[in-house]
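Right, one structure below, let's go through it.
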């Protein structure tokens, strides 16, 4: 879809754009500066490989989300998916600027479909130049250490901001980089990692936000929590940037037997909620302690949303639902919205491939009705 067609389709050119501060819900309703958006991550452009001609997410999927009461989708994007370069070898630094307009048009098409069904869209660089929480694509430099990577990062965000220059912040936001951490080797999934030093995170987030707001000063910018999305970024609370937490704590529940998150997935202790799991006692109290800094952040005037949450399909279903019920109750009671990873697939309400669920047929898909009901009530 061409840019002109996209704009016409969405009908979102506005003579007066909604200010970012107008995102705020009424004081009587919440102290959170962001709305309590509820929805899903859509993985059409999650892979570094270019997307197929046919989008995985179909229009009927948006209709189902809308009819079930959801109003938010996060689109995690791997920047190589919309570049042109020789994929038979590792990418060269200069090729990170080779935008493929046809590939970007496909992302526009997905955004347009979401807007047709009144979804707020959060565009996220899941793989940014020089950083991704996942390995599998060779990065030629380090986002947190190399100026060349940072300049490419700002370039990409300016490109996206320019494409959506005239789209209201009620409809679109820009989530800078997924789950930042300072990993020793950007190309080793399990290399030692720690939080990004606060001054470095501030420098990169501030410059990226400026690159975005150069096109529209009212664009809504979101930064994922430090240390793989877990920690509030105290160093940027003065920058008018919202923050995104995670709903994966503890990983013993959410990522039970997940090979990308555990070095020895087959020997993990069986999950319980609540209960003793290995050397830890898992309980709602630990969740409340984990989310308290995020709740405090909303009270300080910084918007908070939970950009990813959920549970891989190896966790027993009853344990998953008991744990996730507490997660959603804590988030919802503090007016913090959420987006499950994903809609269709291993974490999703459809076709999760769990072996212990009494599925309901939903237009040829397998619907986890208990999971859906839990989300709808939040």
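The values are calculated or read from the model by the stated rules, or taken from the named source; none is laboratory data. Every value quoted in this text rests on a predicted model; they were computed, and no experiment measured them. All Cβ positions, glycine included, derive from the backbone under ideal geometry; neighbour counts span all protein chains shown.
Only a single criterion out of (1) at pLDDT below 95; (2) assigned to a loop (DSSP other than H, G, I, E, B); (3) under 30 Å from residue 297 (Cβ atoms) is not satisfied by residue 33, namely (1).
What is the residue count in the stretch 150-176 for residues that are in a loop (DSSP other than H, G, I, E, B) and over 19 Å from the mean Cα position of the chain (by Cα)? If you could, list the steps in order and put the result at the bottom.
Restricting attention to the stretch 150-176, the residues satisfying the condition of being in a loop (DSSP other than H, G, I, E, B) are 164-171, 176.
The next check asks that each one be over 19 Å from the mean Cα position of the chain (by Cα); those that pass are 165-168.
Residues meeting the conditions: 4.
Checked against the criterion of being without any contact (Cβ under 8 Å) to a residue 12 or more places away in the chain and over 16 Å from the mean Cα position of the chain (by Cα), the candidates 240, 199, 185, 146 yield just one match: 185.
Taken over the stretch 360-378, the residue count meeting the criterion of being touching a helix residue (DSSP H, G or I) at 6+ places or on another chain (Cβ under 6 Å) and assigned to a loop (DSSP other than H, G, I, E, B) is 1.
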